[in-house]
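The values are calculated or read from the model by the stated rules, or taken from the named source; none is laboratory data. Keep in mind it's a predicted model, so treat the numbers as computed, not measured. Backbone-built Cβ (ideal geometry, glycine too); neighbour counts: all protein chains shown. Surface accessibility is based on the protein's heavy atoms, side chains included, excluding ligands, DNA and RNA. Shrake-Rupley method; radii C 1.70, N 1.55, O 1.52, S 1.80 Å.
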Amino acid sequence: MKIVGTDAPDVERALVTGGLACPSCAGQLRPWGHARVRVVRHREDDERRRPRRSRCGRCALTHVLLAEDCLLRRRDDVEVTGAALTAKAAGHGHRRIAHDLGRLAATVRNWLRRFAIAAVAIGSFFTVLAHDLDPMLGAIEPAGSAFADAVEAIAGAARAAVGRLGPRDPWLFASAASGGRLLSNTNCPWAGSA
Ligand SMILES: [Zn+2]
């Protein structure tokens, strides 16, 4: 799996011209059909999307190209899951958040729990990333809980990235920076070798 931008024609052009690097060996990825159709749930509507599949010319591994507005194994886009995390950091409970987003309470509770379990590690990961992106960056202010600190660290890293990458939605940034694994429990960048 490889995280790519949300501009599909742009991604296709990069894929065809060998502009996408294999996440396993940095060889050139080439088109290799499509993955199964998946439904992406946006804030207002659902979208059926058929992700591109690619194959590395060097190591021959195949990688599905996942747009950065999606997280691995989550049907809701990162705008929705990110809004839930932001609301939780602001002190709202999962039922109210679910109601405001028009999602099931159990679904929202699941996202929040997943994030809470890894909150300290996520906070450290994005704090380090923020200072890597902007060595002049000041301290990221404590926000009152490990959960809120992690959300603040993501926002701080996204702000720090603006200078290098241009303005970008913090949650798209978080998705790309985590390889789509912001709400995963395996192979996240902060999970060490687990
Ligand atoms: Zn490769």
Requested in this report: Can you confirm whether the stretch 160-180 contains a residue that is among the hydroxyl-bearing types (Ser, Thr, Tyr), farther than 20 Å from Val4 by Cβ and out of contact with any Pro (no Cβ under 8 Å at 6 or more places or on another chain)?
Outcome: no
Query raised in the report: Considering the stretch 159-173 alone, what residues qualify as being assigned to a helix (DSSP H, G or I) and over 15 Å from Leu85 (Cα atoms)?
Result: Arg159, Ala160, Ala161, Val162, Gly163, Arg164, Leu165
**Report entry** Within the stretch 80-128, tally of residues that are of a type in the set (D, E, K, R) and out of contact with any helix residue (DSSP H, G or I) (no Cβ under 6 Å at 6 or more places or on another chain)
**Finding:** 5
**Report entry** Residue in the stretch 71-78 that is modelled with pLDDT under 95 and farther than 18 Å from Leu172 by Cα present
**Finding:** no
Query raised in the report: Within the stretch 25-131, which strands (runs of 3 or more DSSP E) (wholly inside it) include 2 or more residues that are within 16 Å of the ligand (Cβ to nearest atom), in contact (Cβ under 8 Å) with a residue 40 or more places away in the chain and open to solvent by less than 40 Å² (accessible area, probe 1.4 Å)?
Result: 62-67
Report task. Output the number of residues of the stretch 1-23 satisfying the condition of being surrounded by 14 or more Cβ atoms within 10 Å (Cβ to Cβ) and without any contact (Cβ under 8 Å) to a residue 40 or more places away in the chain. Result -> 2
Requested in this report: Restrict the check to the stretch 132-144 and report whether at least one residue is out of contact with any helix residue (DSSP H, G or I) (no Cβ under 6 Å at 6 or more places or on another chain), open to solvent by 10 Å² or more (accessible area, probe 1.4 Å) and within 23 Å of Arg74 (Cβ to Cβ).
Outcome: no
Requested in this report: Might you let me know whether the stretch 92-110 holds any residue that is among the basic types (Lys, Arg) and under 18 Å from the mean Cα position of the chain (by Cα)?
Outcome: no
Report summary line: Considering the stretch 6-24, residues that are assigned to a loop (DSSP other than H, G, I, E, B) and among the small types (Gly, Ala, Ser), and then whichever is farthest from the ligand (Cβ to nearest atom), we arrive at Gly19
Query raised in the report: Any residue in the stretch 174-187 that is open to solvent by less than 10 Å² (accessible area, probe 1.4 Å), part of a helix (DSSP H, G or I) and touching a residue at least 24 places away in the same chain (Cβ under 8 Å)?
Result: yes
